[in-house]
Each structure stands twice: as C-alpha cells, then as structure tokens.
C-alpha cells in the first residue's frame, strides 16, 4: 500500500486502527487460550465448547477483524473510490466486537445439552450477523462505484459474499441446535460452515488482495492473470459442488471431485505466486514478505492434509480426527495467521505513517514506514512462529498434549512480540530527523 497506489481515497485512520488493535489483542488471547485448553484439542468430537471458543477468537477476533480494517483501507485505494460510509464502518466494528465477546464467552460456558441456555448465543449471533451485513453493504456499495473491473476485484467481492453466507449459516446452526429444523446432521453443517469460511471467504480474499499487492511489493509487471481467472472458476465450481454434496448427497466420489476442483484452483494460484517470486525485481525480501512467503510454502502441507481430511468422511475415528484437527490448524493458526502477521508489516505502518507525515513529504526529512516498528522483534517472532506451528502440527497429529502446550507457549511469545510492534506503531509520535 505504498508506491504505485494513490491514497487520496483512504479513510480516516480512526476507521482502520481499532481493527488492528482488537486483532492483535485477540491473537494474544487466542494463544493463551490454546495453552489452557491443550487437552481439549485432541478430543474425538467436534461440538467441543472450548475448541469452538478458541476457533472463533482466532478466526473472528484476530484474522477477520484485521481483514476488516485492512479492507476498509485497501478497497478505496485499489478501486480508486471513497469508502461509502466511515460512520457505518465504525458502527460495524463496535457491533461485531461486542457480539464476538459475548459469543466466545457463550461457547466457553456451553454444555450443548438439554440445560443449555441459548439466549446469549442468539443475541451474539444476531449482533455478528447484523455487523457482517453492515460490512457487506458498506464494502459492496463502495466497490460498485469503481470503474476498475479486474479479476482481483472479482475475487474480493466474491469473498465478501461468502463471508455473509458463512456467518448466516453459523447463525442458523445455533438455532438448529436449540430447535432442530435443518435436514442435515450437525457434523455436515460444520463441514459446510468450515468450507464456506476458509475456501470461500478467506482463500478468495487472499487471492484477490495478493493479486493487487504482489506486483507492488515485489516490483513485477505483466503477471499471468489468466491463471487467476481459471483459478476463480475452478474454486467456485468446486466449492459450490462441495457444499451441495455435503447438504444433499455426501458421496465420497462427489466430495473427491469437488476437492480436486478446489485443489486445481489453488494449484493455479500457487503457480501465479511462483511466477511472481521468480520474476520479481526486488530480490531482497523484508520481514513482512518473508512471513508471507512462508505462508504460501505452508500451502503444500495444507493441501496434503486437506486431501486426507476429505477422502475419509468418518469424523469420529481418532486417526481421522487428528488429521482434520491438523488440517484446520494448518489453515487458521497456520496459513492465515502467517498471512496476517506478514501483511501487517506491509500495510499498518504505512497507514500510521501516512497520518503522521503525509503533509511533510518532500519538505523535511522524516522516518520511513518500516522505522515505526522494531524489525528485530519482527524477525524474532517470525522464528518463534515457525517453531510454534511445527510443534502444533506434531502435537495434533500424534495427540501429544505436552507438545501442544509448548507450541502454545511459542504462540504466546509470538503474540506478545507482535502486540509490542502493533502498539509501537499505534503510539508512534511524530518526529522530524535533524539533518
């Protein structure tokens, strides 16, 4: 979000900054919760209250909240239009954040039996659903004004639609648990919810955003965008087929075909990234791009786990549960967390730098965006994160609770260092360098 993009349409930092703060704190909370609930991560059932609480802190509190803030900045800048409503964006933040806090507490205390009080679930679910509707309306209304029609924008808009479908299904699932009305098992609904969120919302968004930022951060021209076009159709066709199969006819062969289509779409996207990294002019990567590059390397491991998670539809066996848990972790505390950690350093410092120094560019000697945080600490948590991820995968695959706890300790260290840098950026005081 630097050279090459006009920032005249960027919203006020008061819209964006709270999302990064909330996200950073949520990452720390999620890491601490992981340490506390380590034994629950190897249990052989999926309506696991503690696991659901942890997942939603990670997915909604950390990853989605940071993405919301980044999109409020990114969409106006790359689509060259003003954000439709900054006031609505702020309302969305408070409603979404409040609803999430209530939801996580509700999951933490849930029993999922006949004595379960569903009121707080319905309240928090309603708040989050309304907040997401506000977000969808605000961002799509903004996107509709752009004259730039390209595959990156299409991915972003499609991802936002999948976000709404994911949250809507989650809300309906909560109602269904209290008053059953859906003709599908809870486990199949969980798989649909999981697929819409990860393959629809997150993956589509990552592809769309990276197609916009990759050429700028790596300094590269004439990327093979046809690969992204084919990827778009394969991913959507595979996801629609996958969701339909689990809802109407969960046959193994149909799930396999759907998975192969999604796999092919991801493969084309990885090919696009490989081309970008091979042909980049900027050979030396900063810490933000190193973390991002590592996230894409993780994809190979994720794809292998994903195939094994799908080909065996039995979600009750111990072995299959371990694979499924590891697959989910490789995506959430793995790939998506790495993307957020890396791209925070490519976007957030510039947002604050723009606020503090835009009027002084060319007039006085001022710090550069990367000087607003500690690069040394970022490099350290890059390493602690890798250790945390490797240990978490080993702990989940072999059901080693003590290894999961050690992994969680490294996640806590990573989160503390990340929070230090985020708050260092937020609290940065304007300073002019004396010549």
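Just so you know, all these numbers are worked out from the coordinates, no wet-lab data involved. As the structure is a computational prediction, the values presented were derived from the model and not from experiment. Here Cβ is always computed from backbone atoms with ideal geometry, including for glycine, and neighbour counts include all displayed protein chains.
Past the 11 angstrom mark, what percentage of all C-alpha to C-alpha distances in region 245-295 do you count?
75
Note the full-extension length gain between residue 304 and residue 123 as 0.36 nm times their separation in residues minus their Cα-Cα distance, in nm to one decimal.
61.3 nm is the gain from fully extending residue 304 to residue 123.
With r defined as the distance between the Cβ atoms of residue 112 and residue 424 and R0 fixed at 30 Å, what FRET efficiency is calculated, to the nearest 0.05?
The value I calculate is 0.10.
Please work out how much length the chain gains when fully extended from residue 431 to residue 370, using 0.36 nm per residue of separation minus the C-alpha to C-alpha distance, in nm with one decimal.
Here the answer is 20.5 nm.
Mind listing the Cα extents of region 43-169 along all three principal axes, in Å, largest one first?
Between the extreme Cα coordinates on each principal axis of region 43-169 lie 54, 31, 20 Å.
If one takes the longest principal axis of the Cα atoms in the chain, at what angle in degrees, from 0 to 90 and to the nearest 10, does the Cα axis of helix 225-248 lie?
The angle comes out at about 20 degrees.
Summarise the long-distance tail of P(r) for region 149-270 by giving the % of C-alpha pairs beyond 19 Å.
50
Would you mind computing, in nm to one decimal, how far apart the modelled labels at residue 260 and residue 222 are, each placed 7 Å from Cα along Cα→Cβ?
Label-label distance for residue 260 and residue 222, simple model: 3.5 nm.
Report the full-extension gain for the segment residue 35 to residue 359: residue separation times 0.36 nm, less the Cα-Cα distance, to one decimal in nm.
Using 0.36 nm per residue and subtracting the Cα-Cα distance, I get 112.1 nm.
Taking N as the number of residues in the chain, what value does Rg over Cα atoms divided by 2.2 N^0.38 Å take?
So the Cα radius of gyration is 0.95 times the expected 2.2 N^0.38 Å.
How high is the FRET efficiency between residue 248 and residue 105 when r is their beta carbon distance and R₀ equals 45 Å, given to the nearest 0.05?
0.80
Sticking with the crude label model, points 7 Å out along Cα→Cβ, report the distance from residue 185 to residue 130 in nm, one decimal please.
Placing both labels 7 Å along Cα→Cβ, they lie 3.6 nm apart.
Which of the peptides 199-211, 101-113 is most tightly packed, and how do the rest follow, going by the mean number of other Cβ atoms within 10 Å of each residue?
199-211, 101-113
Only helical DSSP H runs with n ≥ 4 go in: add -39500 (n - 2.57) per run for the chain, normalise by residue count and round the 222 nm mean residue ellipticity to 500 deg cm²/dmol.
Only helices count here, giving -24500 deg cm²/dmol.
What percentages make up the Cα-Cα pair-distance distribution of region 10-117 when the bins are 10 Å wide from 0?
Whole-percent P(r) values from 0 Å outward: 14, 38, 26, 15, 6, 0.
Suppose we take every Cα in region 100-142 and form the convex hull; what volume per residue is that in Å³?
So the per-residue Cα hull volume is 59 Å³.
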